[in-house]
Structure formats: C-alpha cells, structure tokens
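> Before I ask anything, here is the structure I am working with.
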Amino acid sequence: MNNNRVNVISASLGRWELAWQDTQFKQRFLLGVGLFATLLPVFPIFYQFIQARNGYDQHDAVLHLLPSMDVSMPIFIITWVMGVMTITRALQKPEMFIVFMYGFITLNVVRFFTIGLVPFDPPHGLIPITDPISNHFYGKSYVTKDLFFSGHTATQFLFYLCLNKRHEKAMALFGTIAMGILVLVQHVHFTIDVVCAPFFAYICYVIARRFVKSPLVSSETDEINDDEED
C-alpha cells in the first residue's frame, strides 16, 4: 500500500516536472492562479451587494409540493468529499488541474453575470445551509439571493466532467443528482436554478478545455483512456 502511494506521488511529480517545462502551460497556470486570487476578495463584495437589492418572487410548483427540511449535513458531506477527491486527482495530473481551475473560475464569473441579470428573491421556506467553509467566502451575512444558477449543483457536474475514472465519474454524477434534490428540499434554490446548472457547467468546462489546450492534452488524453480501462 505504501509502495503504491510512493509510486503515485512519484508519477505525479514527474508529470508536473514535465508540464512545467512547457512555457505555454506555465503561463496559463500562473494566469489561472492569479485570476483565482483576484476573484477571492470579489466574492464577498458581489454577494453582499446582490443580497441587499430587491428581487422578483417566483412561483415554483415543485417547491410548493416539497416541505422544506434542513439537509445541511448531506449537502456539506457531498460538497467536500467530492471536492477533496477531485482536487486530489487534479493534483496528480497537471492537465486535469488546470482545466478544473479554469472551469471553476469561469463557472463563478458566469454566475456573477447570471445572478446579476436574474434578480430572484429567495424561495419561501428557505433554510440556510450550515457550511462554515463555503459560507466564509460570502461575506459577513448569510446570502440567500445567489440563485440562478445553483453553484452547488453546477460544481458537482464540473467534478463529473473533469474526473476520468468510471467509478469516480459515477460518484460525481450521483453527487450532482443528489445535490440538485437536496438544495430543493432545503428550499435554497428554485427548480430552474438546478435544472440549468449542469448546462452552464458544461459550457464553462468546454471553454476551459479550449483555453488551456496545449501539447499536454494529447498525452493526458492517452492516460485518461488508460484510466477508463481500469
């Protein structure tokens, strides 16, 4: 077991060493890190701003049939178990890491636009999600108006798109479906927020793939095909 871990770490370091010799990869990696670092202080400013504005009420037939329940714990578990697994896998493969990083950045920028353009008031019966890690990035007060589209659901689907191995993709797909149901049960999103989330995640993933395309893609694709055989 220990030898396997050593081999995985050694192979991962070898991939990163090779990737770092690619000037194009290095530039895009550093740009991505810089963009992400720039986004972090923007999160609380944006979300506190949209929380303070007035929005539109929306009748949602699905939520009307669903009694609201606090399912913060399974939401928290799915969010961070899948997040840690995806980041761990991404750290093993530079191409996966940079695609995920740009996909995540693009996803959040797109949400800025969609939330800004579609100002919904929160659903009736909303129960705040207890997640001290995620909530830290939203600012001093709990945000309920970050609605269209569901970031929780979209991020799970981004995990699905980025992961390679079949059983891990199956876990991420299950996580996407479960998350969509759970945020509706918690009444923190409308149905349209959840239904549209995978579509936006896919668009952001495609944009990320095209932006970071480099000579590494072909070699990583070969490895992906090998992984899927496992």
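The values are calculated or read from the model by the stated rules, or taken from the named source; none is laboratory data. On a predicted model such as this, the values are computed, not experimentally measured, just so you know. We place every Cβ from the backbone using ideal geometry, glycine too, and count neighbours over all the protein chains shown.
> Please report, ordered by residue number, the helices (runs of 4 or more DSSP H) entirely within segment 15-127 with at least 2 residues that are surrounded by 14 or more Cβ atoms within 10 Å (Cβ to Cβ) and touching a residue at least 24 places away in the same chain (Cβ under 8 Å). Walk me through how you get there before you give the answer.
Numbers: elements: 23-52, 61-65, 72-92, 94-117.
It comes to 23-52, 72-92, 94-117.
> Something else: I'm trying to understand the selection: among the residues of segment 144-159, which are farther than 16 Å from residue 178 by Cα and among the hydroxyl-bearing types (Ser, Thr, Tyr)?
Matches in segment 144-159: 144 only.
> Restricting attention to segment 158-179, does a residue exist that is farther than 15 Å from residue 43 by Cα, in a helix (DSSP H, G or I) and touching a Gly at 6+ places or on another chain (Cβ under 6 Å)?
First, the residues of segment 158-179 that are farther than 15 Å from residue 43 by Cα: 158-179.
Still in the list and also in a helix (DSSP H, G or I): 158-162, 166-179.
Next cut, touching a Gly at 6+ places or on another chain (Cβ under 6 Å) only: 158.
Yes, there is a match, as at least one residue in segment 158-179 is farther than 15 Å from residue 43 by Cα, in a helix (DSSP H, G or I) and touching a Gly at 6+ places or on another chain (Cβ under 6 Å).
> Anything in segment 148-199 that is in contact with a helix residue (DSSP H, G or I) (Cβ under 7 Å, 6 or more places away or on another chain), more than 16 Å from residue 80 (Cα to Cα) and charged (D, E, K, R)? List them, or say none.
Within segment 148-199, 165, 166 qualify.
> Separate question: Consider residue 102 carefully, then state whether it is of a type in the set (Phe, Trp, Tyr), modelled with pLDDT of 95 or more, over 30 Å from residue 213 (Cβ atoms) and in contact with a helix residue (DSSP H, G or I) (Cβ under 6 Å, 6 or more places away or on another chain).
Working: of a type in the set (Phe, Trp, Tyr): yes; modelled with pLDDT of 95 or more: yes; over 30 Å from residue 213 (Cβ atoms): no; in contact with a helix residue (DSSP H, G or I) (Cβ under 6 Å, 6 or more places away or on another chain): yes.
No, not satisfied.
> Let me spell it out: the conditions are (1) outside any loop (DSSP other than H, G, I, E, B); (2) farther than 23 Å from residue 92 by Cα, and residue 141 meets all of them except one. Which number is the exception?
(1)
> Against the condition surrounded by fewer than 20 Cβ atoms within 10 Å (Cβ to Cβ), out of contact with any strand residue (DSSP E or B) (no Cβ under 7 Å at 6 or more places or on another chain), under 23 Å from residue 198 (Cβ atoms) and without any contact (Cβ under 8 Å) to a residue 40 or more places away in the chain, how does residue 137 come out, does it pass? Step through it out loud before you land on a result.
Values: surrounded by fewer than 20 Cβ atoms within 10 Å (Cβ to Cβ): yes; out of contact with any strand residue (DSSP E or B) (no Cβ under 7 Å at 6 or more places or on another chain): yes; under 23 Å from residue 198 (Cβ atoms): yes; without any contact (Cβ under 8 Å) to a residue 40 or more places away in the chain: no.
Answer is no for this residue.
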